[in-house]
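Derivation of every value follows stated rules applied to the coordinates shown; laboratory data play no part. No experiment lies behind these values; they were computed from the predicted model shown. A quick note on method: Cβ atoms are made from the backbone with ideal geometry, for glycine too, and the neighbour counts reach across all protein chains shown.
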Amino acid sequence: EMARRHFNDRDTSIVKELADLGDCQVQIPGDSVYIDTMYTRQNVVDKFLSREFQDIQAGMGDRTQVCAIIGPTLTESHEGMSSITENFDIPQVAYNSINHRLSRSDLFPRFSRVIPEATDWGTTLANAINRDVWRREFLAIVYEPDYGDQFESPLEGAEDTLGNFFTITEEISEGSDASVRRALEEVKAEGYRTIMYIGDRFELLDDIARIADELGLLGEGYFWILNGDVVPPKMLATVNNRVGSSLDKFLDGAAVFTNYDPFVYNPTDDAFLNAWKSQDPLLTEILNSLSPVNSDAAASDAHYFASSSYFQTETPTEYASFMYDAVMAVGISGCMYNRSSGSGHFDRILHVDFTGASGHVRFKIDEDRVHQNTRDMRDVEFGLHNIRPLETDSNGLRGYESVLYALWSNDNEYVNDTGHSEDGAWKVIDGAEFQFYGQSILEPGPTRTVAEANYIPMGTQTVGFVLVALSCFLSLFSVGWVFLHRQEKLVLASQPPFLYLLCLGSIFVAISLIFVSFDEDKGWSKSQLDAGCSVFPWFFTCGYLTIYASLTCKLWRLSQLMQFQRRVVTIYQALTPFGVIMVSTFIILLTWQIKDPLHWNRDIVSYDPLESYGECQISDGSSIHAYLFPLGFLIVVLVISTASYAWKLKDVQTDLSESRWIFFGIFTHLQTWAVGIPIVIITDGTSREAGYMMMAALTFVFSTTMVGFVIWPKIFVWFQDKYLGGADKKTIRISTQPADNFRVSGLNRTISAQSQPLTRSNSAESSKELGVLRKKALDYDQREESKLSEAESFRQEYP
């Protein structure tokens, strides 16, 4: 009635476009028919035809008297009116029915609506659940027939675009516990924890909540979503439940999805709400005259009596602004129809374009530039509300409030991971905080009970920790032994500082396994798992490089000293390559950490039965090879350098260079890489237990091999000397076979001698040659003394 008066008076307080209708003589008559459909198809048809029959009896049977039908509310009522509007050739404008079946113009040729259809609802709902607001990949939908099934098609379409996985249960019916139980048992059997009820009957919530409570589908770990027609704000304000009851647990922390009127989102500056509050008592009298109170009538026919301050004390019902715009669309299209010839009134409705109480009103246009009978969703705001319990009263009852949490608007922009943007997205209200069940602000998880999550079994994790402990014990024991015997020749010759570094690197490699030994089943949160993934490459890479860098620096210093040049090669000089390697590694790892850090991700590998696999991954669109290749290059350089110096010093006694043992260690590492990498690749994404065991084996071998080959032989020799009477003394054997030359280890010169029989004729010559040989032998003795002196200086110089 307020919309009719505004149109007739060309009141521009809400619709500014009314000012352009100055020459239009169209008026909406004051004797418009108001019919209470009572939510049934038959009732709306009966009442309309009854009123039309009365007009015919009164001599007012001209069919042009009814110019349009606004409403009704329910889908089935619209379907009942469709045959009437088609036969009378009058337009029908809906303001709150979203059923997508009504969009078929071949079935409903005179139907239009100023509200988006279910397809648009489903799209925005899917975006809220698994894109803009939450990350709920799985959603079970429980629905009433003829209402909830219209969401099936749009939600299934969202599976491909957003990666959602939905299941829609069998329909439920009011008064049928069996249908409700079948639907919820299906939800429980498939492990869904995010459940949406789509319907328009609040009365069904009691049955759903009771049976869901019996099946354990309420409370902590579960998240319920409702559509706005089930719990409109005014109805929710009247609900009181005992704390802890089934319906109380059902409503606590639930979300409500709807496209309520703009005045719900902006109650202070909304033009429609301000116009509503400014209505005078005259309109109240008109309303009471249109719906008089009949005390003798049945309760179903009695009407609410409005007081004189009704518009100032009461807020409009849901969809009131859409009803207002439906009336405006009929009036404005009537003026357009009178101004032009050709198309009829209904076609003019599909071409209206104005800003009304619910926003910009215009209808969809398909790819062929044909106007559709449904409003363009770009001009409507959708809302997500949070149901929160209020304080408990003295009787143990409490009510609820609906708090706006997020808004969908076409003005909001969504940007995906690749940088592509699109119009239309959800945005959380500034300062808003969603409270889930029990007033928790933490989103419940998991979103679905997984049949096989590929968690690391506790026994397997224990084996990994035992290997870490054993490896750390070997390294720490070696450090302690080296430190205690650092002044003994056996240890002093091996340069203890480099042995300390070797053990430190081994410990780092062993500890790195700890950071990939946990998953959600062990109580770690997503942020903790992300941190573990980020730390793992730091410990493993730095530890592995430290092992080989310590050996390279150790052998390089020994090679310099074995040149027998009179110069001192300090520890710090030998550690210069180690510093360069570590700085390069730090730069690569820091770049990796800043740009594309590893994070924990759980992927679905099978949907029936549901199976997931969690592991450390790099962000989508990034390449881990950009960081693995330079790190691998540093490792290869150090391994080759270590092997090269070990080969060069292979003739130096083992106490100094340990070349033979280092070769054994390198060979073991190469074999481990060759066997381990294919197994890790094969088990990736299929068996977390097998992959973890392989990782544990790799880190154990890498962290113990070099320590075992380089330090433990010395411990064995020391143990023999101290407790077993010393090692077996080997006899020095001198070969009697002729040889052309001989070589002294550590020297780059070769001394050659030829053997000839000694006779009288060559005795003088032999005496002369004997003198030369004696001189060479003397020179050789001097060089040997110099070599021993240099070696002794090396031992004394090293603290």
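Taken one residue at a time, the phi angles of the range 130-140 give Karplus couplings (6.51, -1.76, 1.60, θ = phi - 60°) of 9, 8, 8, 10, 10, 10, 9, 5, 10, 9, 9 Hz. Gly and Pro are set to x. Return the subset of 522/595; 188/522; 427/522 for which the Cα-Cα distance in this structure is over 30 Å, preserving the input order. From the list (522/595; 188/522; 427/522), the Cα-Cα distance tops 30 Å for 427/522. Working note: Karplus 6.51/-1.76/1.60 with θ = phi - 60° gives the range 441-447 the couplings 9, 8, 5, x, x, x, 6 Hz, where Gly and Pro are set to x. The residue 604 and residue 202 beta-carbon pair, evaluated with R₀ = 30 Å, returns a calculated FRET efficiency of approximately 0.30. With the simple spin-label model, which puts each label point 7 Å out from Cα in the Cβ direction, the residue 587 to residue 522 separation comes to 3.5 nm. Straightening the chain between residue 89 and residue 173 buys 26.7 nm, computed as 0.36 nm per residue apart minus the Cα-Cα spacing. Taking the centroid of alpha carbons for each part, the range 305-322 and the range 275-290 are 9 Å apart. For the range 400-430, the residues whose backbone nitrogen is under 19 Å from a point 7 Å from the Cα of residue 315, taken along Cα to Cβ, are 400-408, 429-430. Centroid-to-centroid, using Cα positions, the range 691-723 and the range 91-125 are 75 Å apart.
For residue 370 and residue 476, the difference between the fully extended length at 0.36 nm per residue and the C-alpha to C-alpha distance is 30.2 nm. Taken along the Cα-to-beta-carbon direction at a fixed 7 Å, the label points for residue 420 and residue 674 span 4.6 nm.
For the range 460-485 versus the range 204-238, the inter-centroid distance based on Cα atoms is 56 Å.
Taken over the range 410-483, the alpha-carbon convex hull comes to 305 cubic angstrom per residue. Length gained on full extension, residue 611 to residue 718, computed as 0.36 nm times the residue gap minus the Cα-Cα distance: 33.0 nm. In whole percents, the pair-distance distribution calculated for the range 373-500 from its alpha-carbon pairs, binned every 5 Å from zero, is 2, 7, 8, 8, 8, 8, 8, 7, 6, 7, 6, 6, 6, 5, 4, 3, 1, 0, 0, 0.
Residues in the range 553-558 carry Karplus couplings, in order, of 5, 4, 6, 5, 5, 5 Hz; the curve used is 6.51 cos²θ - 1.76 cosθ + 1.60 with θ = phi - 60°, and Gly or Pro positions show x.
Over the range 581-648, what relative contact order in percent results from Cα pairs under 8 Å that are six or more residues apart? Provide the component values of the computation, followed by the final result.
Details: 45 pairs, mean separation 19.3, N = 68.
About 28 percent, as a whole number.
Once backbone amide H atoms are built at 1.01 Å from N, residue 610 has 451 as its partners under 5 Å, excluding neighbours fewer than 5 places away on the same chain. Using Cα pairs under 8 angstrom and six or more residues apart, how large is the relative contact order of the range 313-426, in percent? Relative contact order, the range 313-426: 14 percent.
Legend: translational diffusion of the range 94-135 by Stokes-Einstein, Rh = Kirkwood radius over C-alpha pairs, 10 °C, 1.306 mPa s; D = 139 µm²/s. A Förster radius of 56 Å, combined with the Cβ-Cβ distance separating residue 390 from residue 684, puts the computed FRET efficiency at roughly 0.65. The simple Förster model, with R0 at 35 Å and r as the Cβ-Cβ distance, assigns residue 186 and residue 439 a FRET efficiency of 0.70.
Close amide-amide hydrogen proximity is noted between residue 198 and 142, 143, 144, each under 5 Å apart and 5 or more residues distant or on a separate chain (H modeled in the peptide plane; Pro and chain starts excluded). Here's how it looks for residue 361: its modeled amide H is under 5 Å from those of 354, 355, 356, which are all 5 or more places away or on a different chain.
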